[in-house]
Amino acid sequence: MSESIVLENACGIASPARDKDPRAFIKSFGCQMNVYDAERMGDLAAEAGYREARRVEDADLIVLNTCHIRERASEKIFSELGKLRELKEERRQAGRRTMLVVAGCVAQAEGAEILRRQPAVDIVVGPQSYHRLPELLREARARPGVVDTDFPAEDKFSRLPAAPFDAIRRRGVAAFVTVQEGCDKFCSFCVVPYTRGAEVSRPVAAVLDETARLAGAGVREVTLLGQNVNAYHGLDGEGQATGLAALIRAAALTPGIRRVRYTTSHPGDMSEDLIQAHRDVPALAPYLHLPVQSGSDAVLKSMNRRHRVADYLDIVARVRAARSDIALSSDFIVGYPGETDADFDQTLALVRGVGFASAYAFKYSARPGTPAAEMSGRIDEPTKARRLAALQELIEDQRQTFNRAMVGGRLEVLFEKPGRREGQVGGRSPFMQAVFAEGPKSLIGALAEVEIVAAEPHSLRGRIVSPAS
Ligand code: SF4
């Protein structure tokens with residue numbers, strides 16, 4: 001029987017000896033960290049000799065890198081697995097073996113239940129164990145139905161292969177670098193502490209090595225990633241714990257790196273040092289995504305957020321004192337158990353008071369196994385929908401106001417890709433806005449000053465006014 005690997009997001013894994021041209025396809029759902037993990041799984045596959053399958057039908061290895069954040073995440077994955085079971089059977093009848101892997105947070109949360117409900121799955125692997133994918137594939141070929149949802153003591157990152165230069169180039173000029181994983185905060189609504197485990201920080205040298213390698217392959221902007229990134233406390237060369245601000249200062253000195261970003265932060269870990277980095281480090285983009293979730297202290301307490309509205313507003317004031325033009329972004333949950341109309345009005349008041357450049361709002365939905373899932377005071381769907389619509393309207397209004405204020409001014413844009421129209425290139429402003437301008441493709445990977453001539457619904461349009469650098 002022939003065998004190969006398929007990954008959406010283009011990755012690969014251990015090469016079966018009998019295959020001449022094994023292919024892998026990785027499909028990734030959810031957050032930026034899952035995108036990063038999918039790329040790393042692709043590096044594992046490439047190292048093992050797998051090439052990327054462009055279509056799932058051509059893949060000998062299919063990996064679903066799942067996310068548990070969205071509503072009914074598990075049910076959606078089981079529905080997808082049902083279709084893949086049929087594909088696997090069709091391929092079997094054509095004489096080709098397909099290995100089916102479920103990775104990510106649903107794998108961690110559901111474990112062996114996935115095999116029980118969908119026996120076509122060969123491997124279930126959690127986010128802290130995927131570096132073992134080559135070994136798991138060998139095991140599963142001999143005996144399908146392998147589950148690895150451990151939180152191993154070993155450093156996952158040190159076991160992952162370095163990304164090949166050509167793979168980095170394909171991914172573009174802006175890249176993620178995971179610096180921290182897991183979370184110790186235990187917000188009442190969130191599964192992350194259960195699916196990703198306790199906070200673990202990578203050593204400073206490992207982060208800087210990966211950043212330098214990315215820069216060497218043409219990356220110009222790195223986003224330092226972590227579930228709770230500003231809790232970063234990786235060890236330096238002398239074994240001393242180092243905070244995120246020092247890591248940012250060091251990453252910004254990497255030759256070739258022009259911009260540094262970080263996400264996602266918790267208000268409780270917004271140190272003065274980090275705030276001052278926004279004033280002192282020119283390469284640190286003036287953009288901060290700082291989730292607050294609610295404008296009501298009662299709801300924040302029930303969410304176990306460990307901060308009050310006043311704490312959040314104090315951070316906003318200090319960040320703006322350090323960097324007056326900073327673009328602020330946030331996350332909100334509406335319809336949390338027990339949220340009253342008065343609580344929700346306080347959320348609207350907070351948004352009006354802060355003035356966000358962008359923000360994300362979601363209706364609360366229970367995650368099995370979290371404390372909030374057991375709480376009384378459930379909010380009915382029409383109320384949640386009404387609150388969500390009101391909040392989103394306000395957020396959108398603020399986003400448009402922020403973007404319109406750019407018209408007539410100049411922004412430094414990092415060009416990342418060809419534009420939507422012929423002769424256009426597209427990139428990002430320091431404030432994370434999509435910007436399009438007439439210009440040659442040779443600008444991709446360069447920074448140029450752009451005069452903003454129009455604010456369109458989802459992007460800015462501009463004219464390049466200074467040479468690229
Ligand atoms: S800080 Fe973020 S990742 Fe951690 S439990 Fe709260 S919401 Fe989840």
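The values are calculated or read from the model by the stated rules, or taken from the named source; none is laboratory data. Being a predicted model, the structure only gives us computed values, none of them experimental. For neighbour counting, all protein chains shown are included, and Cβ atoms are generated from backbone atoms with ideal geometry for every residue, glycine included. We work out accessible area using only protein heavy atoms, side chains counted, and drop any ligands, DNA or RNA first. Shrake-Rupley method; radii C 1.70, N 1.55, O 1.52, S 1.80 Å.
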Exactly one of R399, R420, R404, R378 is surrounded by 13 or more Cβ atoms within 10 Å (Cβ to Cβ) and within 26 Å of the chain's Cα centre (by Cα), and that one is R399
Counted residues in the range 310-356 being assigned to a helix (DSSP H, G or I) and more than 20 Å from R386 (Cα to Cα) come to 15
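Yes or no, residue by residue, for (1) of a type in the set (G, A, S); (2) touching a residue at least 60 places away in the same chain (Cβ under 8 Å); (3) crowded, with 17+ Cβ neighbours inside 10 Å:
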{"site": "P152", "(1), (2), (3)": "no, no, no"}
{"site": "R159", "(1), (2), (3)": "no, no, no"}
{"site": "A162", "(1), (2), (3)": "yes, yes, no"}
{"site": "A167", "(1), (2), (3)": "yes, yes, yes"}
{"site": "R170", "(1), (2), (3)": "no, yes, no"}
{"site": "A175", "(1), (2), (3)": "yes, no, yes"}
{"site": "S201", "(1), (2), (3)": "yes, no, yes"}
Counted residues in the range 45-57 being crowded, with 18+ Cβ neighbours inside 10 Å, among the acidic types (D, E) and assigned to a helix (DSSP H, G or I) come to 1
Within the range 275-302, the residues that are surrounded by fewer than 23 Cβ atoms within 10 Å (Cβ to Cβ) and within 16 Å of the ligand (Cβ to nearest atom) are H289, L290, P291, K301, S302
Looking across the range 439-455 at residues that are at pLDDT 95 or above and among the charged types (D, E, K, R), the single one that is most open to solvent (accessible area, probe 1.4 Å) is E449
Apart from one, (1) closer than 30 Å to K363 by Cβ; (2) among the hydroxyl-bearing types (S, T, Y); (3) open to solvent by 10 Å² or more (accessible area, probe 1.4 Å) all hold for T195; the odd one out is (3)
### Query
Within the range 324-338, is there a residue that is at pLDDT 95 or above, in contact with a helix residue (DSSP H, G or I) (Cβ under 6 Å, 6 or more places away or on another chain), open to solvent by 40 Å² or more (accessible area, probe 1.4 Å) and within 16 Å of the ligand (Cβ to nearest atom)?
no
Is it the case that the range 250-258 has a residue that's in contact with a Leu (Cβ under 9 Å, 6 or more places away or on another chain), assigned to a helix (DSSP H, G or I) and closer than 29 Å to S294 by Cα?
no
Note on the range 382-396: residues touching a strand residue (DSSP E or B) at 6+ places or on another chain (Cβ under 8 Å) and open to solvent by 40 Å² or more (accessible area, probe 1.4 Å) are A385, Q392
Selection over the range 236-254 where residues are away from the ligand (no atom under 16 Å from the Cβ), open to solvent by less than 50 Å² (accessible area, probe 1.4 Å) and either touching a residue at least 12 places away in the same chain (Cβ under 8 Å) or within 20 Å of the chain's Cα centre (by Cα) (or both) yields a count of 10
Exercise. Could you tell me whether any residue of the range 34-44 is within 23 Å of V106 (Cα to Cα), in a helix (DSSP H, G or I), among the small types (G, A, S) and touching a residue at least 60 places away in the same chain (Cβ under 8 Å)?
Key: yes
Those residues of the range 7-47 that are over 20 Å from E210 (Cα atoms) and modelled with pLDDT of 75 or more come to a total of 11
Looking across the range 339-357 at residues that are polar (S, T, N, Q) and open to solvent by 20 Å² or more (accessible area, probe 1.4 Å), the single one that is farthest from V191 (Cα to Cα) is Q346
Of R308, R259, the only residue that is open to solvent by 40 Å² or more (accessible area, probe 1.4 Å) and at pLDDT 95 or above is R308
F431: passes all of (1) surrounded by 20 or more Cβ atoms within 10 Å (Cβ to Cβ); (2) not in a loop (DSSP other than H, G, I, E, B) but (2)
What about S265, is it of a type in the set (G, A, S), part of a loop (DSSP other than H, G, I, E, B) and within 16 Å of the ligand (Cβ to nearest atom)?
yes
Taking first residues from the range 295-308 that are in contact (Cβ under 8 Å) with a residue 12 or more places away in the chain and second residues anywhere that are of a type in the set (K, R) and within 11 Å of the ligand (Cβ to nearest atom), the pairs with Cβ under 7 Å that are 6 or more apart or on different chains are R306/K185
Within the range 268-282, residues out of contact with any helix residue (DSSP H, G or I) (no Cβ under 6 Å at 6 or more places or on another chain), closer than 24 Å to C187 by Cβ and assigned to a helix (DSSP H, G or I) come out as G268, E272
